[in-house]
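Contents: one structure, followed by commentary.
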Amino acid sequence: MVSNPIQYVLFPYTILSERKSRHLSVLLPCLSVLQVIRPPAVPNRLREQVTGWPVVTEPEQIEAIKRCLKGYQQFAAVHGENSVLASLSLDQISRDFAETRFRIQTQLKKNDADESENWETLLLEAAIFLELARDLDEKEAELEASLTHIDNLEGKFREILGISDEEDRDDAAETLSPPLRAEQSYLSFMLPKRIESWLRLFFNRMPEACPTLVTTAEQVLEELFEPVRAEYERTGRTFEPSRIVLGSFPALDDLPPEDFLSLLGNPEASGLVTSYWRCLESVLLSPHDLSATEQMSQAADTLQDYLHHYRKEAGRPEGAEIQMEVVFDSELRWSTLRKYCERAGKSEQLVETSCPDDLVKILVCQL
């Protein structure tokens, strides 16, 4: 591990699948996950590397969230939302969320709330939304893992049948059954609301130093950049955020657990990963420094070659690549992100933070 002053925060989700946690544990020295009520669910081997960032700390607020959340979960159970097919009832969930603020106000008896109380209501609404979204994400992640397992079994079945040629494999796939793959559409479900809720909670308790946001979905950037894009178009300019490629690496999700753990414990691999982390930190601190980006490129290429060789030695075929970039724009600052929290309330309701108005830098890991 390196002494890293940069805090990396998962955005705008609150869970990590096994596949994503594997890759991010190699590409990042640490990762914070926004924590409302429950701590992040991560494998035991990553408990020191992936930690929760509590955003609600007042005992009264925590108890209020738990009470309201319990009511929603009971409602969901009655209507069958605890099924693994929860994605089929997203429209119903969406309609329920439209009443969220009213229900919270009723339960807390704050219908006549002043502005400070209204901010607390908005905070509770955001907390409940993200906790319910986490329930949905966890169910969909379980389904995704099951489909991946079935897909792997299909591959072994084709090998037993002697289907080894790629063309024959494609033909057989059409004959046997359509491929079973989760599309991860749940990650884009109510994405603007996810972002708004996540940011409102994060602004409630921000780190002293501006963090680096980490996302695994390109559509998150599209939504996040929308206010900046609209401002550019209003003044007749073209919006082209800066992107710096941080490397391309072979996927590691198909490695058996013992091989992946062996990789993490290998001294040579540890040295290359640590070198990559240092270069990553330098680029994030000085994204316009050409020497930093050159060193980043060299470290990424070295790590990429090592991981390709490791996969080959482990008997794994060539597979998917993991892409990582840092994206930023001169007009995307933390004050810009606060606008997402103003959609349902006045800007003065936002909790003041000591975070300077720095550029927002977003790591995009295409897993």
Can you tell me the FRET efficiency between R338 and D289 if r is taken as the Cβ-Cβ distance and R0 is 35 Å, rounded to the nearest 0.05? 0.80
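Can you give the percent of C-alpha pairs in region 185-326 whose distance is more than 25 Å?
Values: 4722 of 10011 pairs.
Looking at region 185-326, the distances longer than 25 Å represent 47 percent of pairs.
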Net charge of Cβ neighbours under 12 Å - reference V220; Lys, Arg +1; Asp, Glu -1: -3
Go through K193/K361; K66/K139; K70/K139; K139/K312 and tell me which ones have a Cα-Cα distance over 27 Å in this structure. K139/K312
Quick one: which of 120-130, 19-29 comes out on top by average Cβ neighbours within 10 Å, and what's the full order, highest first? 120-130, 19-29
Starting from the 7 Å offset along Cα-to-Cβ, what nm value, one decimal, do you get for the label separation of E18 and S262? 1.9
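Taken together, the values in this text are just the output of simple stated rules run on the coordinates, not laboratory data. This is a predicted model, so every value here is computed, not measured. Quick reminder, even Gly has a Cβ in these numbers, built from the backbone with ideal geometry, and neighbours come from all protein chains shown.
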